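Quick note: the coordinates plus some simple rules give every number you see, no bench work behind them. Small disclaimer: the values here were computed from a predicted structure and weren't measured. Cβ: placed from backbone, ideal geometry, glycine included. Neighbour counts: every protein chain shown.
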Amino acid sequence: MSVTYIDAIREAQEKLLREDDRVFLYGQDIATFGGAFKATKGLADEFPNRVFDAPISEDAMMGLAVGAAIEGMRPIVEMQFADFSSIAFNQIVNQAATHFYRTGMPIPLTVRLPSGGTPGSGPFHSQSLEGIYAQYPGLVVVTPATVSDAYHMLLDSVALDDPVIYCEHKFLYRWLKAKSINGDHLPIGQARITRPGKHATVVAYSAMVHEAVRAADRLAQDGWEIEVVDLRSIKPLDIDTVLASVARTGRLLAVGEAFPWGGVTAEVVSRVTEEGFHLLDAPPQRLNARDTPVPYHPKLWAAHRPTPESICDALRRLLAF
Amino acid sequence: MLKARILENKLSSLYKAGKIVGGVYLGKGQEAVSASLGTALIQGKDCFAPLIRDQAGRTAFGEPLIDCTRTYLGSALGPMRGRDGNIHRGRPDKGMPAMISHLGAQVPVIAGMLFAKRLKGQLDGVVGATCIGDGATSTGAFHEGLNLAAVEKLPMVVVIGNNQFAYSTPNHRQFACADLVERAKGYGIGGFAVDGTDLLATAEVISNAVRLAREGHGPQMVVARLLRLSGHGEHDDGSYVPEPLRKGHYGRDCIEIAMRQLVENDIATVDEIAQWQDESAEEVQRAVAQAQQEEVPDPYTEDWTALSTQFPLS
């Protein structure tokens with residue numbers, strides 16, 4: 001018996017609906033249909049009047065969630081694809097994110113963003129927007145990479161009084177399996193050493209954690225011990241765990257699936273350079289997607305995002321410095 | 001509405017004297033509409049998202065004047081504590097969310113508050129309302145929010161104050177339908193048009209719309225035609241409004257019309273109105289004086305955090 005990443009997301013929502021009257025689910029095609037990815041399959045039957053189909057109105061969906069949160073509810077909004085949250089951007093960054101600072105009343109809502117690329121999905125169903133949301137004050141941004149984190153971090157996100165951008169990776173939905181949803185249950189804001197090593201640190205998050213581990217496996221055949229740090233949450237960013245790792249290895253490669261200008265990897269490199277320059281034995285490196293829209297064709301797509309091969313190449317250059 | 005006018009005249013003076021930092025946005029000429037809505041709502045039960053020209057509606061809904069003066073004058077004791085200013089203020093815990101500058105954005109927020117009340121089993125007899133201008137009807141947020149409210153059959157009232165200019169842009173560069181109220185049919189909601197300079201007519205139409213929403217007839221739209229009797233903000237002299245319009249029917253002052261209507265219909269006497277004016281002026285003076293004496297926010301003791309959660313979590 002195994003649990004997939006998307007099972008974990010569904011289980012977490014079921015538990016939340018069962019245990020907390022304040023929770024409701026709102027999104028396109030999520031009620032009877034169970035969602036484009038089936039993350040809410042069967043939940044509308046089990047919890048009538050708690051799971052609602054929304055019109056194709058991402059702005060209004062988020063506005064509704066903000067209003068409901070003001071009234072003490074804990075809405076979970078499913079964006080059908082992270083990419084479509086651009087339509088809700090105003091309500092997320094200007095309404096939800098500023099609310100606590102301006103009025104003193106926190107807005108406890110969770111936005112689920114099906115993120116990242118899958119073969120054939122193209123420019124508008126593949127984006128990774130965590131860096132954009134993390135740039136705005138007032139938001140918590142999480143990026144679970146494991147089945148257990150997908151489950152526990154969704155529960156933890158809903159428990160927070162602040163708005164949370166929960167970035168779930170579509171590639172992991174059915175590909176990633178675990179024996180159970182149990183795990184170490186680290187809190188939001190704490191990174192995890194996924195794989196210990198001593199020659200270089202790869203900082204990654206979401207699906208890139210798995211690509212980094214694959215790269216580390218390959219380099220292990222040549223005797224290199226690569227440490228992989230899974231950030232788990234982008235904001236807050238656990239820079240202490242990253243710095244501690246860099247202190248052990250002296251070398252840093254930050255890997256992300258988002259576009260290369262700015263973003264999470266730039267923040268990690270910047271913070272490490274600022275606070276841990278003396279720990280570095282080589283210039284810190286970044287590896288991101290290319291600076292084009294995410295391409296449709298699987299061959300182009302595979303070369304657009306970081307892969308175990310490109311991570312290996314980057315690490316070899318880093319180790320040779 | 002009288003109190004709001006007196007307060008706003010004072011705000012204008014303070015602005016011109018350099019005592020207010022940032023913008024001042026007045027509801028001059030729109031008080032009859034705004035006050036009619038605020039009066040039809042019940043604070044503690046209904047919710048109301050005012051926009052930039054709703055001092056009258058805010059006051060009628062129960063917002064104390066001191067919330068206004070504290071926010072405009074940057075008092076640390078106001079609802080926004082100097083973190084936001086002027087009309088960007090609210091008391092969400094009292095059913096009055098604080099507007100953001102992005103127009104149309106409060107429409108789905110009110111819908112969400114009503115939606116939540118329904119989930120909590122507390123929607124019976126409740127109304128949610130928001131005001132908006134002609135310009136904001138061109139936003140996606142307005143359309144999405146109103147359509148959503150219609151789909152959910154929420155007891156919502158949207159009052160559109162068509163003051164004929166969105167900042168400086170006239171109606172004919174904003175929309176192409178003959179009258180905005182025609183849009184109500186497209187949303188499947190109630191729609192009413194009224195002369196926004198006429199208090200008695202406005203009060204009747206808006207209270208009727210609020211009643212219909214309260215009784216379960218779904219969202220209602222009221223389009224009140226009027227003219228802004230000031231600039232977009234006090235930095236703007238509104239010189240783009242053509243003279244014939246200013247001198248025309250909608251250029252008349254709703255406060256003067258209202259006073260005449262009250263006297264002619266034996267609702268109030270001239271003396272009573274004069275007394276309201278004096279009392280309001282005194283109240284405004286007190287609210288301004290108090291806010292002016294209060295401490296302003298201190299950047300050195302400000303906590304500079306936008307999250308209520310304290311990280312790291314253990």
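Some points to look at:
- Positive dipole terminus of chain A, leading residue within A:W301, A:T98, A:A60 (C-beta point charges): A:W301
- Using R0 = 22 Å, the C-beta based FRET efficiency linking A:T307 and A:R271 works out to 0.30.
- Remark: segment A:3-178 carries a charge dipole of roughly 240 debye about the Cα centre, counting +1 on each Lys and Arg Cβ and -1 on each Asp and Glu Cβ.
- Three-way shape call for segment A:192-320 based on the alpha-carbon gyration tensor, with the a/c threshold at 1.5: oblate
- Counting beta carbons within 10 Å around each of B:L77, A:L315 and listing the fewest first gives the order B:L77, A:L315.
- Distance-filtered residues of segment B:1-45 - backbone nitrogen under 19 Å, label point 7 angstrom along B:D237 Cα→Cβ: B:12-18, B:24-26
- More than 30 angstrom apart: percent of Cα pairs within chain A: 31
- With the gyration tensor restricted to C-alpha atoms of chain B, the semi-axes of the equivalent ellipsoid amount to 28, 27, 20 Å, longest first.
- Angle between chain A longest axis and helix A:263-276 axis [Cα atoms, degrees, rounded to 10]: 50
- Fully extending the segment from B:T169 to B:D253, taken as 0.36 nm per residue of separation minus the present Cα-Cα distance, adds 28.1 nm.
- Once C-alpha pairs closer than 8 Å and six or more residues apart are averaged by separation and normalised to the residue number of chain A, the relative contact order reads 16 percent.
- Take chain B and mark each of the GluC sites (Glu not before Pro) that is in a DSSP loop with at most 12 other Cβ atoms within 10 Å; the longest unmarked stretch, sites excluded, is B:1-214.
- Residues of segment A:39-61 falling in the label zone of B:K153, defined by backbone nitrogen less than 19 Å from a point 7 Å along Cα to beta-carbon, are A:48-55.
- The magnitude of the dipole of chain B, with charges of +1 and -1 set on the Cβ of Lys/Arg and Asp/Glu and taken from the Cα centre, is near 720 debye.
- Crossing angle, helix A:208-220 versus chain A [Cα axis fit, 0-90 degrees, rounded to tens]: 20
- When shorter helices are ignored and each DSSP H run of at least 4 residues is given -39500 (n - 2.57), the per-residue value for chain A at 222 nm works out to -11000 deg cm²/dmol.
- Here the simple spin-label model places points 7 Å from the Cα toward Cβ, and for B:Q277 and B:R246 these points are separated by 2.2 nm.
- Range in chain B, longest, excluding exposed chymotrypsin sites (Phe, Trp or Tyr not before Pro) [loop by DSSP; at most 10 other beta-carbon atoms within 10 Å]: B:1-299
- Bridge orientation summary for segment A:3-178: considering DSSP beta bridges with both residues in this region, about 10 percent are antiparallel.
- Signed unit charges on C-beta, dipole axis of the protein assembly as shown, positive-most listed residue B:G38, B:I20, B:V241: B:V241
- Electrostatic bookkeeping for A:G35 treats Lys and Arg as +1 and Asp and Glu as -1; over the other residues with beta carbon under 11 Å from its beta carbon, the sum is +1.
- The modelled label-to-label distance for the pair A:D217/B:A176, using points 7 Å beyond Cα in the direction of Cβ, is 5.9 nm.
- Inter-label distance, A:K299 to B:L77: 7.3 nm, where each label sits 7 Å from its Cα along the C-beta direction.
- Antiparallel bridges, percent of DSSP beta bridges restricted to the protein assembly as shown (to nearest 5): 15
- Förster radius 56 Å - calculated FRET efficiency between A:E225 and A:E46 (Cβ-Cβ, nearest 0.05): 0.75
- Listed residue (A:I6, B:L65, B:A178) projecting farthest to the positive dipole end of the protein assembly as shown, Cβ model: A:I6
- With contacts taken as Cα pairs under 8 Å at a separation of at least 6 residues, segment A:222-275 carries a relative contact order of 32 percent.
- Förster radius 35 Å - calculated FRET efficiency between A:M1 and A:F33 (Cβ-Cβ, nearest 0.05): 0.85
- Across segment A:3-178, C-alpha contacts under 8 Å between residues 6 or more apart give a mean separation that, scaled by the residue count, equals a relative contact order of 26 percent.
- Residues B:D46, B:D179, B:D237 arranged by fewest to most Cβ contacts within 10 Å: B:D237, B:D179, B:D46
- Within-15-Å neighbourhood charge of A:R271 [Cβ basis; K, R +1; D, E -1]: -3
- Note on chain B: GNM, Cα springs under 10 Å; of B:P108, B:P244, B:P79, the largest mean-square fluctuation is that of B:P244.
- Note on segment B:10-144: Kirkwood hydrodynamic radius from all Cα pairs is 15.4 Å, rounded to one decimal.
- Gyration tensor verdict on segment A:3-178 (Cα atoms; rounded if a/c is under 1.5, prolate if a/b is larger than b/c, oblate otherwise): rounded
- Separation between Cα centres of segment B:144-217 and segment A:1-34, rounded to whole Å: 37
- Bins of 20 Å from zero: percent of alpha-carbon pairs in the protein assembly as shown: 19, 45, 28, 8, 1
- Cβ neighbours within 10 Å from other chains - mean over B:135-145: 4
- Three-way shape call for segment B:1-60 based on the alpha-carbon gyration tensor, with the a/c threshold at 1.5: prolate
- Stokes-Einstein D (µm²/s) once Rh is taken as the Kirkwood radius of segment B:190-234 over alpha-carbon pairs, at 10 °C in 1.306 mPa s: 138
- Assuming charge only on the beta carbon of Lys and Arg (+1) and of Asp and Glu (-1), the dipole of the protein assembly as shown about its Cα centre is about 1220 debye to the nearest 20.
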